Amino acid sequence: MALQSMTGFARSQGRMGETSWVWEIRSVNGKSLDVRFRLPAGLEAEEAALRELLCERILRGNIQVSLQLEEGAASVLPVLNEEALAAASQITRKVSEQTGLPPAGMEALLAIRGVVEYREAPLDPAAAEARGKAMMESFSEAVIALEAAREKEGTAIAGVLAGQIDEIERLTLAVADDPSRSAEAIRERLATQLARAMEAADGLDEQRLHQEAALLATKADLQEEIDRLIAHIASARSLLAEGGAVGRKLDFLSQEFNRECNTICSKSNAVAVTGFGLEMKVVIDRFKEQVQNIQ
């Protein structure tokens, strides 16, 4: 399954008889799936079916769906508003009685606003069903196009993430291979640190000395952090290969990368290792930013 970005746009249009429509779907980043519809009056009842269709393909993001519907002139019929006509006739008769002028004729009455209304011509059930089916198919096309757009951008982001994972691995191996982590270098560093500890505390007993030595040895050992970073790198690559909705899992791994990198920087007693750690933090921050775009 391809990796999807949460950013995308799609548009589809259709026509049946004198009626034409345009669907537009916009998608941006979101913590979950939030779908909002802007439909013409009278089509609100279709929202549930539209939502279900979209949710079959889109799992995460803030989605805006809009429908522009245009009715042709043949679909609109004049309708007489009998209440408005009766009221207008009564007014014209009253004015005629008071002024002595002849009452208004038919053309004048029909020209009064509200006497004649223009309403959409009702579709017969078969035509209404056919139009509804065509509009739903058009919406489905827009959803498929949105998914394709998100997958195209997701593929590009996956390439960027893969490169960043490679860089994290390179820096992790650089830390692992740094000369400061050789057994001889660690022994010399421990000896120096123990000598300072003994100078700072007169009468340090043997048990305390062993405790200090163990503490210094633990701080000098970066193997656990290196092992965890290598495991997280393998997990990240596996998720990229798996595809689908892996954004949250990758975001969790970015936090784990950052945690291990911080520990390496805090434990480091070598300038080179600290430099690798700081460089890795920059790459991890960029990795985390890109992951925010993934479904």
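What follows draws every value from the coordinates through simple rules; no lab data is involved. This is a predicted model, so every value here is computed, not measured. With ideal geometry, Cβ positions are generated from the backbone for all residues, glycine too; neighbour counts draw on all protein chains shown.
Sites listed here are GluC sites (Glu not before Pro) in region 1-48 whose DSSP assignment is loop and whose Cβ has at most 16 other Cβ atoms within 10 Å: GLU18.
Here the calculated FRET efficiency for MET136 and VAL79, from their Cβ-Cβ distance with R0 = 25 Å, stands at 0.30, rounded to the nearest 0.05. Here's the picture: a label point sits 7 Å out from the Cα of VAL160 along the beta-carbon direction, and within region 258-295 the residues with their amide nitrogen under 14 Å of it are 283-295. Measuring r between the beta carbons of SER235 and ALA174 and using R0 = 25 Å, the FRET efficiency lands at 0.75. Once the Cα-Cα distance is subtracted from the 0.36 nm per residue extended length, the ARG119 to GLN13 segment shows a gain of 35.8 nm. For the peptides 77-89, 228-240, 3-15, the ranking by packing is 3-15, 228-240, 77-89, with the highest mean count of neighbouring Cβ atoms within 10 Å listed first.
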